[in-house]
Amino acid sequence: MIGIEKINADFTKLFKEGSALLEKGCSAVMNVCRKEAIEQFVKLGGIPHKQENYIYTDLLPVFEKDYNVVLKYIRQDVDINEVFRCAVTDLITDPILTVNGWWFDRNICSELPEEVVICSLKEASLKYPDLFYTHYNQYASKANQDSLIALNTAFAQDGVFIYIPDDVVLERPLQIINLLRANGDLMAFQRNLIVLGKNAKATVLVCDHTLSEQSFLMNNTTEVYLGENAYMDYYQVQNQHMGAAQINSLFVSEQRSSVFDSNIISLYGGFIRNNMYVSLNGEGGECNLYGMYILDKKQQVDNYSCIDHIAPHCTSREHFKGVLDDMGVANFCGCVRVRPDAQKTEAYQTNNNLLLSDAARINTKPQLIIDADDVKCSHGATIGQIDEEAMFYLRSRGIGLDEARMMMTFGFAHDIIQHVKLEPLRKKIDSLVEKRLRGEISKCNNCMLQCNK
Amino acid sequence: MLKITNLHASVDGKEILKGINLEIKAGEVHAIMGPNGAGKSTLSSVLAGREKFQVSQGEIEFNGKNLLELSAEDRAREGIFMSFQYPVEIPGVSTVNFLKTAINEIRKYHGQSSYPPGDFLKMIRQKMELVGIDNKLLNRSLNEGFSGGEKKKNEIFQMAVLEPMLAILDETDSGLDIDALRVVANGVNKLKRPENATIVITHYQRLLDYIVPDVVHVLYDGRIVKTAGKELVAELEEKGYDWIKEEVNRA
């Protein structure tokens, strides 16, 4: 308990002492939210401890490391393009880099339609006060009981801002590459805001990587606003080292007839917490949340989601699958809420887990809260081992034990990967997952440093 | 090719096979018939290497090797193929990928390099034509959502691709309508070579109208109690198994 109290006190102290730096270069909207958020953080009792939504998650080992927190942008001493190379080579994207949560100062986003804005969040907060006033922290504040999200609002200074106006369709996917690289253990915050106007369309691929062997704790929050009939195809591939912890929160506000498709693949990382909040505010909205997590050693992956059906005639599908080996621990908690007015809702939620060892653990809690009477909803969770009969079937065709197990596991995971619509990306994820399952990714393989961590 | 001597096998402590003797030579088709619970499926499972069956006594020699010492996958690599009575559905693993893996694992065992990818697809297409299965099956998950007939056809297709020395068809006719039965049987007949052998395990005469056996065995209570030529099939179909049971019980 002493550990947590000290950590909480450190945060409030840091906030007080660093407030000048924290506020520097950010707009009033951001800074007002910042002050409210730290108050909320204190009010909630600081880092979640024995709270319902973090009941199986011990955050102390994640937070107790002696991290540095850097409240201003520090230029990297190397060319990021030299130390990082994207593995998805067949996919032509518009890359956007962040380093330790900050917009990378040599990002070039030149070939995009003129009216599209992609820039540093900080810069955007000053340039586009109206957009910030309308959207900033409007969706993340839904999770007002989660102190880690309040912590992000309190400390985040920068990140990626994307604005795609009405009727603009992006041809190429945007690829946000979040890199962590430091000389000492680092805690960092990142905040992103993505706004799609009416009928706008975009594909966003987020890749999380570590480029140095230090311990990291990244608290990253993304807010997404989808205007009427907008469409967003969202992918996130989390590939960090064992010493990295990630709290990744995604808030999506969907208006009438908009569609949000997402696929979050937790490939590697010491600790990953994904929070996903989707609210379906207008009729005809659709949301598809897919995810996969692969764990071994002592990794932990939490997936926490809240899908809020506010308007009628909306559909949501949620399917998360996990493969757990060694002493891996995963938690799944999904809540689908159907509000009284949300008649004709269709909501489906599934979580399936494959345990490959006796010591691996999964806690799963699929939930439905239904306050309307004319809806179609289902939820369920399974936990199982590899089917022995199927193993025998494969072996009886000459496939060896290891290869058979690999095929079964991969087959299990492929169910999720098949939802990836971009073919080069699907193939890449397929091969990354296969490599991962074969134990060939025990480090971030894209990193030139090959730090073996 | 295959020589089974005094084979005893049990499952969960219960003895099912009580001294099987059987010899099969290259080029032969043997039918094993018998009433329910006689041990027919146990025999095929023991041959294929299913681990839940324990062999307590006896020997199985396959092309000069001690089969009982080999794992299920090594038996397959040595040329044994069992067509499953209930083929397993494997979601997420496409039929074509499965076959490619299987064939390359077998080749690796024999010290051969992987099947050249271009030739592989050509070969696959030929075998599909031979067995008469739909192209679309290839990229679908293995057996997932297949009808009973499709599953059995897929077994024969796998057999065509893997070209085993000894094929064991375990109740391949169960759950098949007459058209599917004919397709499956034709496939088996087309794959017959002087150097390979087939064991057909079945309850009924039906399948044996199409796949004509050289030798027919009747398995009852864990033993082969009668061995004769193909004329035995008709006799069994007419008279059932009771007369054989009586013969055995009298002796």
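Treating each Cα of the protein assembly as shown as an identical point scatterer and ignoring solvent, apply the Debye formula and state log10 I(q)/I(0) at q = 0.06 Å⁻¹. Values, matching the q order: -0.46.
Roughly how big is region A:2-437's charge dipole about its Cα centre, with Cβ charges of +1 (Lys, Arg) and -1 (Asp, Glu), in debye to the nearest 20? Don't jump to the answer; show the numbers that get you there.
Details: 42 positive and 57 negative charges, 123 e Å.
I would put it at about 600 debye.
From least to most packed, judged by other beta carbons within 10 angstrom and beginning with the fewest, B:218, B:96, A:160 follow the order B:96, B:218, A:160.
Kirkwood Rh, Cα Rg: Rg to Rh for region A:1-115?
On the way: Rg = 18.9 Å, Rh = 17.9 Å.
Computed over Cα atoms, the ratio is 1.06.
In this simple spin-label model, placing a label point 7 Å from the Cα along the Cα-to-Cβ direction at both residue A:65 and residue A:373 gives a separation of 5.4 nm.
Within chain A, helices built from complete DSSP H runs that reach 20 Å or longer along their own axis (Cα positions) and carry a mean Kyte-Doolittle hydropathy of -0.5 or higher are A:2-23, A:28-43, A:401-417.
Entry for region B:1-86 at q = 0.12, 0.13 Å⁻¹: log10 I(q)/I(0) = -0.33, -0.39, Debye formula applied to identical alpha-carbon scatterers, no solvent contribution.
If you plug the beta carbon distance of residue A:55 and residue B:182 into 1/(1 + (r/R0)^6) with R0 = 56 Å, you get a FRET efficiency near 0.40. Across the options A:92, A:214, A:390, the greatest Cα extent toward the positive end of the charge dipole of chain A (unit charges at beta carbon of Lys, Arg, Asp, Glu) belongs to A:214.
If only the Cβ of Lys and Arg carry +1 and only the Cβ of Asp and Glu carry -1, the dipole of region B:134-217 around its Cα centre is close to 200 debye. Using the Cα coordinates of region A:259-410, the gyration tensor eigenvalues translate into equivalent-ellipsoid semi-axes of 34, 17, 12 Å, sorted from longest to shortest.
Computed from label points 7 Å out along Cα-Cβ, the spacing between residue A:20 and residue B:135 is 7.4 nm.
Subtract the Cα-Cα distance of residue B:51 and residue B:246 from 0.36 nm times their separation in residues, and report this length gain in nm to one decimal.
Details: separation 195, 0.36 × 195 = 70.20 nm, distance 3.35 nm.
Using 0.36 nm per residue and subtracting the Cα-Cα distance, I get 66.8 nm.
Model label points for residue B:239 and residue A:127, set 7 angstrom from Cα along the Cα-to-Cβ axis, are 9.6 nm apart. Comparing B:228, B:160, B:180 in a Gaussian network model of chain B (Cα springs below 10 Å), the most mobile by mean-square fluctuation is B:228. Averaging 1/r over each pair of different alpha-carbon atoms in region A:183-337 and inverting the result gives 15.9 Å, the Kirkwood hydrodynamic radius. Ratio of Rg to Rh for region A:352-405: 1.23 [Cα atoms; Kirkwood radius as inverse mean 1/r over pairs]. Among A:134, A:345, a tally of other beta-carbon atoms within 10 Å of each Cβ gives an order, fewest to most, of A:134, A:345. Globularity index of region A:158-217 is 1.44 (Cα radius of gyration / 2.2 N^0.38 Å, N = number of residues).
By the beta-carbon count within 10 Å of each Cβ, the least crowded to most crowded order of B:141, B:147, B:10, fewest first, is B:147, B:10, B:141.
Among DSSP beta bridges lying fully in the protein assembly as shown, give the percent that are antiparallel, nearest 5. Let's see the in-between values first.
Details: 32 of 186 bridges.
Of all bridge pairs located within the protein assembly as shown, approximately 15 percent are antiparallel.
FRET efficiency for residue B:210 and residue A:326, Cβ-Cβ distance as r, R0 = 56 Å, nearest 0.05? Please report the intermediate quantities before stating the final value.
On the way: r = 52 Å, r/R0 = 0.92.
The pair residue B:210/residue A:326 has a calculated efficiency of 0.60.
None of the figures in this text is laboratory data; all of them are computed from the coordinates on show. Everything quoted here is computed from the prediction, not taken from an experiment. All Cβ positions, glycine included, derive from the backbone under ideal geometry; neighbour counts span all protein chains shown.
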